[in-house]
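J.: Before anything else, here's the structure in question.
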Amino acid sequence: MKHMKTAKIKAIITALSAIFFIIYGVRYFILKPSAVSFDLAASLLIFLVYLVYFKQLNQDETSYFFVAFSLILHNLGLYGTSILGLPFDHYMHFAGGFTFALVIDRLLLEKIPVLKKAALVIIAAVGVGAVAEIVEWGGYALLGSGEGFFLYGVGDEGEWQNTILDMFFNLLGASVLMSIVWFRKSRR
């Protein structure tokens, strides 16, 4: 019964994500070609790999939703905007840290003591965030300024300060997720 519920939820999320990727694919590849199309292509590739390895990675509908949500959020073109006084980039890095921590949490066996698991998950999330910052820097070094993850531009502010803030929000997102996991386990 639970397997059928998970499959149905996953199918709905997949269909909605496919609609998004099609609409934004038309936008970024046909109507208004842009360097952001590389971001969309990378996001689609990540989503497809995650879809294929969903069961092997011990994931559930919650992690599936957050992976789709984070990838879609990244491609909405909101960089350079502020929400409640915080740049959108901070929300994006928070969501990315939270989502990656969730995926890793589901991947790891539940037999790991919660504090060890929290440390491992948070370090992994911050590590992936650091790799993303290196990729962003490499894109800037090779390709220069512009829109998208692989270029330095809208949403990237203050050079090294941007990198530190991005990693801080990755850390914060991962820490919030592990606090939720800890709270959930402590109530059992």
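J.: Is the shape of segment 2-186 rounded, prolate or oblate, going by the alpha carbon gyration tensor and its root eigenvalues a ≥ b ≥ c, with a/c under 1.5 for rounded and a/b larger than b/c for prolate?
T.: Since a/c reaches 1.5 but b/c is at least a/b, the shape of segment 2-186 is classed as oblate.
J.: Past 26 Å, Cα to Cα, is the threshold; run Lys55/Lys111; Lys55/Lys116; Lys8/Lys117; Lys5/Lys116; Lys5/Lys185; Lys5/Lys55 against it and keep the listed order.
T.: Lys8/Lys117; Lys5/Lys116
J.: Helix-only mean residue ellipticity at 222 nm, the chain, DSSP H runs n ≥ 4 weighted -39,500 (n - 2.57), per residue, nearest 500. What is it?
T.: -24500 deg cm²/dmol
J.: Let me ask something else about it. With a ≥ b ≥ c the root eigenvalues of the C-alpha gyration tensor of segment 50-114, is it rounded (a/c under 1.5), prolate (a/b larger than b/c) or oblate?
T.: In terms of gyration-tensor shape, oblate.
J.: To make sure I understand, if each residue's beta carbon is the centre and we count other beta carbons within 10 Å, what order do Ile9, Ile104 fall in, fewest to most?
T.: Least to most surrounded, the residues fall as Ile9, Ile104.
J.: Which of rounded, prolate or oblate describes segment 1-103 when judged by the alpha-carbon gyration tensor and an a/c cut-off of 1.5?
T.: oblate
J.: Which one of Pro87, Phe21, Phe66 is farthest out on the positive end of the charge dipole of segment 1-110, using unit charges on Cβ (Lys, Arg +1; Asp, Glu -1) and the Cα centre as origin?
T.: Farthest towards the positive end: Phe21.
J.: Quick check: the distance between the Cα centres of segment 77-144 and segment 1-61, to the nearest angstrom?
T.: Cα centroid of segment 77-144 versus Cα centroid of segment 1-61: 18 Å apart.
J.: Quick one: order Thr99, Thr62, Thr14, Thr163 by neighbouring beta-carbon count within 10 Å, fewest to most.
T.: Ranked by crowding around the Cβ, least crowded first: Thr62, Thr14, Thr163, Thr99.
None of the figures in this text is laboratory data; all of them are computed from the coordinates on show. Since the structure is predicted, the reported quantities are computational estimates derived from the model, not experimental observations. Cβ atoms come from the backbone with ideal geometry, glycine included; neighbour counts cover every protein chain shown.
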